[in-house]
1. Sort LYS275, LYS46, LYS245 by heavy-atom solvent-accessible area, probe 1.4 angstrom, most to least.
2. If you bin the C-alpha pair distances of segment 55-105 every 5 Å from 0, what whole percents do you get?
3. What does the net charge come to around ASN135 if you take all other residues with beta carbon closer than 12 Å to its beta carbon, with K and R at +1 and D and E at -1?
4. Convert 10 °C to kelvin, take the viscosity as 1.306 mPa s, use the Kirkwood radius over C-alpha pairs of segment 101-162 as Rh, and evaluate the Stokes-Einstein diffusion coefficient in µm²/s, rounded to a whole number.
5. On average, how much accessible surface per residue is there in segment 157-203, in Å², for a 1.4 Å probe, leaving out ligands, DNA and RNA?
6. Would you mind listing how long segment 30-159 runs along its three principal axes, going by Cα atoms, in whole Å with the largest first?
7. Rounded, prolate or oblate: pick one for segment 108-263, where a ≥ b ≥ c are the square roots of the eigenvalues of its C-alpha gyration tensor, a/c under 1.5 means rounded, and failing that, prolate if a/b is larger than b/c, else oblate.
8. Given a 1.4 Å probe and the protein chains all in place, what does the accessible area of PHE136 round to, in Å² to the nearest 10?
Amino acid sequence: MKAVLLFALLICVCAVFAELGGKRALVLLDDSYIESSHSKFFKSLKERGYSLKYQELKGSEAVKLSKFGQFEYDHVILFAPSADIDSDEFIEFVDHGGNLLIGANSDVSDSVREVASACGIDLDDTDTVVVDHVNFEAQDYDSKHTLIIADQDASASLILGEAKISPVLFRGVGAKVRDHALNYPLLKASPSAYVSKLTGSKKQTKVGRSPSLVAALQARNHARVVVSGSLDLFSDSLYDAPVKKIQDGKTTTVSERSGNEDLANIITRWVFQEKGALRSRNLQHNLVGGSKPDMYTIKDNVEFSV
């Protein structure tokens, strides 16, 4: 009986693993211009074999991720931060093993925040932005210092790997990552960063390692979610931008090219289960010391190898 139960369990596990890493992706945009402003991001996915279906969301337009009870996509890229979506639809998608990448900004809607929150990542309020008056990009010198320079979180090597990438340029909203074994901060703000209202009033309650800028969820059902507080992080303009700082009144080049593209590639390979996912091959099963029957019965002793 135990052998039969073990066999059934392994078949279920393998069925799940067989679905990992599919190539069907739905891309949701709140402006069709994003398809061109983030063209290098989408080009990379296409070159890796992904089939992308684009949909522009207008107002509270409904998004249907399933048809006749079956989900039509393996992954959803939600690059529509201001859209009023049905949060339950996206949460159900993740609950059924779908992978989700969210790109947010200071216009993030309550419904998008609800989806992120259900994944253990609490995005800051609408109309807030992460500010850093020390680690800001030089091109933002005369502005509000919202184009900030950030580094990968040292504790995220399980997802990002051990290789050091160049500093990343970030403009957007911060987040609080819940203290849970399944949640991982991936990109951190420097200790000098804080969250500010776009109207000018400052909230000093989130300083240092909080807010997080990019965070991930590895769900128990094998689904994966990454939430970036910056949609711009994936843009062509920040992919190609050098990273420069103002030090002692002088402009210093930190990196000839930002680490945005490298980070985006690492993130998408992980969240879409190209890396870090178990896969099974050459499944073999038969009666102990015997042949493989058409079906097994209770009390059969079964040999199973993978």
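1. From most exposed to least exposed: LYS46, LYS275, LYS245.
2. The percentages, shortest bin first, are 5, 19, 32, 27, 13, 2, 0.
3. On the way: positive: LYS188, LYS244, LYS245; negative: ASP132, GLU137, ASP140, ASP151.
Neighbour charge sum, excluding ASN135 itself: -1.
4. Details: Rh = 13.8 Å.
Rounded, D is 115 µm²/s.
5. On the way: 2300 Å² over 47 residues.
Here the residues of segment 157-203 average 49 Å² of exposed surface.
6. 53, 34, 34
7. Values: a/c = 1.93, a/b = 1.31, b/c = 1.47.
Since a/c reaches 1.5 but b/c is at least a/b, the shape of segment 108-263 is classed as oblate.
8. The value for PHE136 is about 10 Å².
The values are calculated or read from the model by the stated rules, or taken from the named source; none is laboratory data. In this text, all values refer to a predicted model and were calculated from it rather than measured experimentally. Methodologically, a virtual Cβ is constructed for each residue, glycine included, from the backbone with ideal geometry; neighbour enumeration extends over all protein chains shown. Note: areas computed on protein heavy atoms with side chains; ligands, DNA, RNA excluded. Shrake-Rupley method; radii C 1.70, N 1.55, O 1.52, S 1.80 Å.
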